[in-house]
Amino acid sequence: MKFKKITVCLDMRGCPNRCKHCWLGATPNGSLNADDLRYAAERFRPYTRKLEVYDWFREPDYGSDYKEMWKLCGELSDEHMPHFELVSFWRLARDEAYGRWLAGLGMKYAQLTVFGDESMTDYFVGRRGAYKEILRSIDVLLENGICPRIQMFVNERNISHLNYVERLIKGLELERRCREVGGEFSFFLHAGSCDGENEQFYGMRITPQMLERIPKSLAELTIKHFGKKNIYEVFGEPEHRLYKEMAEDNSVRDIVSDSPVFYVDKDFNVYPNITAPTKYWSLGNLKSDGVETVLDNYRGNLGYAEGVFRDVPLGHLVKTCGTRDGMGMFTRDDYIIYLLNKYCRKMGHCNNERGE
């Protein structure tokens, strides 16, 4: 039976950054070509009624041939979706044509990430000069009629930089400048999930007490963005409360969908779009195992992590890997993924804490 839709995302070029918050992790960059993209699309096409193809899942438009790849993705897809509101600030700061190209696609909003002042942002992005490139990108976007939407991942390490970011927004006059191009400025705070690179900050996750340090203007913008009643709803619950709620939960989960999204890395290993692509989430290799094996593994929950989701009750995950008195805040779904990844490592499926 064919899937209703399959989305294939091939990590052709990787990413120029090594962000310490990235839920996808930090893996070596590849150098794949158009034929590799065609190969991936052709393998999946017979098994779905609708196919959607992307040449990235870490950094959009990173390759110098981004225009050609965008066109090819459209040709390989049954429906060419609008460009995600995610852009390469690395390219915005270097390629004068990129901003005009994005505007020509009809983009009205583009998301950028800051972590505080210049040193803090460069630290989290993983390379010097990133902060200046982000500021340059804001100008380029607005020059092309695109409103920047700013997000900030916040934890104990950078919460003291919130006042700086508040002053930055005011100093750049982003609300006025967005109005002048016919849009509305948007900003939001969040903790991010606790997988991939961001898991290293588990012990620094924001707590209910830290929420009181968020400036009123940033809290209001965040609440508006997420459509929540208050800032506490944005960040979820402290771990000890989730632990208590889930400890006796005997439910299990099935991740199988009739419209799956698959990540294909530079070596053609395939992963479901659930969390960081690690060994225990692998569904097989598109070239050496073949697409039928990959899809059979997905449908049958035969991947290691899929099998844990299917067979291990949530309460057991919590009691095995949770912290009974933890104060860090999580949304429920993010906490479950954190527990699942930790359980897979604890059971010895991989050689190190990074899931490799």
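The values are calculated or read from the model by the stated rules, or taken from the named source; none is laboratory data. Small disclaimer: the values here were computed from a predicted structure and weren't measured. Here the Cβ is made from the backbone with ideal geometry for all residues, glycine too, and neighbour counts use every protein chain on show. With ligands, DNA and RNA removed, areas are computed over all heavy atoms of the protein, side chains included. Shrake-Rupley method; radii C 1.70, N 1.55, O 1.52, S 1.80 Å.
What helices (runs of 4 or more DSSP H) completely inside segment 128-238 contain at least 2 residues that are closer than 15 Å to Gly116 by Cα? In segment 128-238, 130-143, 162-171 are the helices (runs of 4 or more DSSP H) which contain 2 or more residues that are closer than 15 Å to Gly116 by Cα. For segment 1-35, taking the residues that are open to solvent by 30 Å² or more (accessible area, probe 1.4 Å) and charged (D, E, K, R), the one that is farthest from Leu72 (Cα to Cα) is identified as Lys20. The residues of segment 105-126 that are among the hydroxyl-bearing types (Ser, Thr, Tyr) and open to solvent by 10 Å² or more (accessible area, probe 1.4 Å), listed by number, are Tyr109, Thr113, Ser119, Tyr123.
Among all residues of segment 50-62, there is none that is surrounded by fewer than 16 Cβ atoms within 10 Å (Cβ to Cβ) and without any contact (Cβ under 8 Å) to a residue 24 or more places away in the chain. In segment 86-101, the residue that is least open to solvent (accessible area, probe 1.4 Å) out of those that are among the aliphatic types (A, V, I, L, M) and closer than 29 Å to Glu42 by Cβ is Val87. Given the condition closer than 23 Å to Leu86 by Cβ and free of Cβ contacts under 8 Å to residues at least 40 places away in the same chain, answer yes or no: does some residue in segment 199-221 qualify? Checked segment 199-221: at least one residue is closer than 23 Å to Leu86 by Cβ and free of Cβ contacts under 8 Å to residues at least 40 places away in the same chain.
Scoring Ile255 on the criteria (1) at pLDDT below 95; (2) buried (at least 21 other Cβ atoms within 10 Å of the Cβ) leaves a single failure, condition (2).
Candidates Val181, Val261, Val270, Val234: the one that is more than 30 Å from Lys4 (Cα to Cα), among the β-branched types (Val, Ile, Thr), open to solvent by less than 60 Å² (accessible area, probe 1.4 Å) and in contact with a Ser or Thr (Cβ under 9 Å, 6 or more places away or on another chain) is Val234.
Matching residues to (1) in contact with a Phe, Trp or Tyr (Cβ under 6 Å, 6 or more places away or on another chain); (2) touching a residue at least 12 places away in the same chain (Cβ under 8 Å):
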site	(1), (2)
Leu76	no, yes
Glu85	yes, yes
Phe89	no, yes
Gly104	no, no
Phe115	yes, yes
Glu133	yes, yes
Leu141	no, yes
Phe153	no, yes
His161	no, yes
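Tell me whether segment 305-326 contains one or more residues that are surrounded by fewer than 21 Cβ atoms within 10 Å (Cβ to Cβ), under 27 Å from His190 (Cβ atoms) and acidic (Asp, Glu). Yes, some residue in segment 305-326 is surrounded by fewer than 21 Cβ atoms within 10 Å (Cβ to Cβ), under 27 Å from His190 (Cβ atoms) and acidic (Asp, Glu).
Candidates are the residues of segment 63-85 that are in contact with a strand residue (DSSP E or B) (Cβ under 6 Å, 6 or more places away or on another chain) and either in a loop (DSSP other than H, G, I, E, B) or aliphatic (A, V, I, L, M) (or both); the one that is least open to solvent (accessible area, probe 1.4 Å) is Ser77.
Yes or no: segment 237-258 includes at least one residue that is hydrophobic (A, V, I, L, M, F, W, C) and free of Cβ contacts under 8 Å to residues at least 40 places away in the same chain. No, segment 237-258 contains no residue that is hydrophobic (A, V, I, L, M, F, W, C) and free of Cβ contacts under 8 Å to residues at least 40 places away in the same chain.
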